[in-house]
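See structure below.
The values are calculated or read from the model by the stated rules, or taken from the named source; none is laboratory data. Quick caveat, the model's predicted, so the values are computed rather than measured. Positions of Cβ are backbone-derived with ideal geometry, glycine not excepted, and every protein chain shown enters the neighbour counts.
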Amino acid sequence: MATFQSCIPGRVTVYSVPGCPHCLQAKATLGALGLPVCDVDVSHDAGLQAQLMELTGSSSVPQIFFNNVCVGGNEHLKNLAPEKLEQLVRMVTETPVPTDAQPLPAGNSPESEEWGGGEFKCERNAFADTVEELKRSGLIGSCRRGLRVHKNSFTGTELVGWLCREQGLASELSEALRNLILKLYSDYLSTDGKSVDYKAMSQSPCFKRYCELAVQLQCMELLSLSREEKLAFFINIYNALVIHGNLRLGFPKNMWQRYRFFNYVSYLIGGEVFTLQDIENGVLRGNRKGAAQLLKPFSKNDPRLQVALPDAEPLIHFALNCGAKGCPPIKTYTPQGIDSQLRTAAEAFLENEDGCMVDSVKGEVKLSQIFKWYKADFGGTDEKLLNWVVDHMGASQKKLNLKTLLSAGNVKVSYMPYDWSTNSTD
């Protein structure tokens, strides 16, 4: 039967079947909005079913109408933009039902003949297709937990692996990790991004969630990532791995400890081990030898070589933070506009006195040790290095002074001592 009580001029109609969870949820949502609902049971009325099918093109319920406007099912209702929902509510509370609205039945007729198109069913859940794919894939099997075997089940690791492998969710996992990293940085980084409250972060539930999600990196499909996605993903992962390593192992205090830290602290990503050195020099620098390295990170037969960028990207040096005070500030990066973000980071680094100093009187330019260690990425010679620097500086007096020195020639290049002390706030 159709039931309806209202003092509003318009009408909200929900075509439903008894016991449908989506119908019940939709009516509860509408009730919470203060809207009386006209509930029409279509389970036995073949004529009404046919009309509704013709009107909406769907054989699922609920079907929800605000006056004569069909919004679809429960999922459609939940996903309405707030401004659109507000507009619909205002319409039914202020506007009478138009003449072209679907007429209400006088009563449902159990004796009606069967509808040839089949009975109306609950709308499909958003994950129904995924469940069917899981069944077809053979992932659902038996899992042992303790001494018991659970049939028709799978582990969380198996599920994430299947989602990343079969459903192309590498970018989704990357974004989920980035959001957690962003939350951690928001809560435990200084405003300038130069210092980290490691002690407080180690006790954070958010860090615990990050550690749990980082385990799923082993299932990630890296070959599907674009250049921009690789840049953002590996920069974010490098910075997070440094923090993760410092929290688990402590901050390296000398050259030998730093060597071990950057060559052994690692994540298992896509089935392969990536150390901090592998990420920086193997992936982001296009498989170039790092400082104090005799060999390239990846041999020609190393499967990780397929993930490496084709060429070194010099801008990454102003985004990677190794946990020392001399490093650039820690930020998160997104694939969208990554090159612009990195250029902005380079401008900020060069504007800071820790990154670049120009002494017009002595005709000298003092640069961070980063430019010495990775000079090959900036051209390989002092002249090319300085031209790269001036090309990547923002408009400033420092840039004008450097241009003047370059035009005069005979510029001396030196490198400032690097501050290896920890960036901890403690």
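Filter region 321-352 for residues that are of a type in the set (A, V, I, L, M) and within 17 Å of LEU367 (Cβ to Cβ) and give the result. ALA324, ALA345, ALA346, ALA348, LEU350, listed by residue number.
Can you find a residue in region 364-374 that is closer than 19 Å to ALA232 by Cα, modelled with pLDDT of 90 or more and either within 22 Å of the chain's Cα centre (by Cα) or surrounded by fewer than 19 Cβ atoms within 10 Å (Cβ to Cβ) (or both)?
So the first thing to find is which residues in region 364-374 are closer than 19 Å to ALA232 by Cα, and the list is none.
Scanning region 364-374, I find no residue that is closer than 19 Å to ALA232 by Cα, modelled with pLDDT of 90 or more and either within 22 Å of the chain's Cα centre (by Cα) or surrounded by fewer than 19 Cβ atoms within 10 Å (Cβ to Cβ) (or both), so the answer is no.
Residue count for region 36-68 satisfying the condition of being in contact with a helix residue (DSSP H, G or I) (Cβ under 6 Å, 6 or more places away or on another chain), of a type outside the set (S, T, N, Q) and either over 18 Å from VAL12 (Cβ atoms) or not assigned by TED's automatic domain parsing to the domain that holds VAL92 (or both): 0. Filter region 268-305 down to the residues that are more than 22 Å from the chain's Cα centre (by Cα) and of a type in the set (Gly, Ala, Ser), then identify the one that is surrounded by the most Cβ atoms within 10 Å (Cβ to Cβ). Per the stated criteria, the residue is GLY282.
If you go through region 1-54 and keep only what is modelled with pLDDT of 85 or more and surrounded by fewer than 16 Cβ atoms within 10 Å (Cβ to Cβ), you end up with just PRO9. Quick check on region 192-214: of everything there that is aliphatic (A, V, I, L, M) and modelled with pLDDT of 85 or more, which residue is surrounded by the most Cβ atoms within 10 Å (Cβ to Cβ)? Going through the qualifying residues, I end up with VAL196.
Scanning region 189-222 for residues that are free of Cβ contacts under 8 Å to residues at least 12 places away in the same chain and of a type in the set (D, E, K, R) yields LYS208, GLU212.
Assess whether ILE330 counts as being closer than 26 Å to ASP192 by Cα, at pLDDT 95 or above and crowded, with 16+ Cβ neighbours inside 10 Å. Before the answer, list the steps.
Numbers: closer than 26 Å to ASP192 by Cα: yes; at pLDDT 95 or above: no; crowded, with 16+ Cβ neighbours inside 10 Å: yes.
The answer is no for ILE330.
If you filter region 55-83 down to residues that are assigned to a helix (DSSP H, G or I) and among the hydrophobic types (A, V, I, L, M, F, W, C), you find that the one that is surrounded by the fewest Cβ atoms within 10 Å (Cβ to Cβ) is LEU55.
Candidates ALA292, ALA308: the one that is modelled with pLDDT under 90 and either within 24 Å of LYS375 (Cβ to Cβ) or among the β-branched types (Val, Ile, Thr) (or both) is ALA292.
If the condition is being charged (D, E, K, R), touching a residue at least 24 places away in the same chain (Cβ under 8 Å) and either surrounded by fewer than 16 Cβ atoms within 10 Å (Cβ to Cβ) or touching a Pro at 6+ places or on another chain (Cβ under 7 Å) (or both), then region 383-417 contributes only LYS412. Is it fair to say GLU228 is surrounded by fewer than 22 Cβ atoms within 10 Å (Cβ to Cβ), within 18 Å of ILE181 (Cβ to Cβ) and of a type in the set (Asp, Glu)? Yes; evaluated as a whole, the condition is true for this residue.
Please enumerate the residues belonging to region 340-384 that are farther than 19 Å from LEU284 by Cβ, assigned to a helix (DSSP H, G or I) and in contact with a strand residue (DSSP E or B) (Cβ under 8 Å, 6 or more places away or on another chain). Passing the criteria: LEU350, ASP382.
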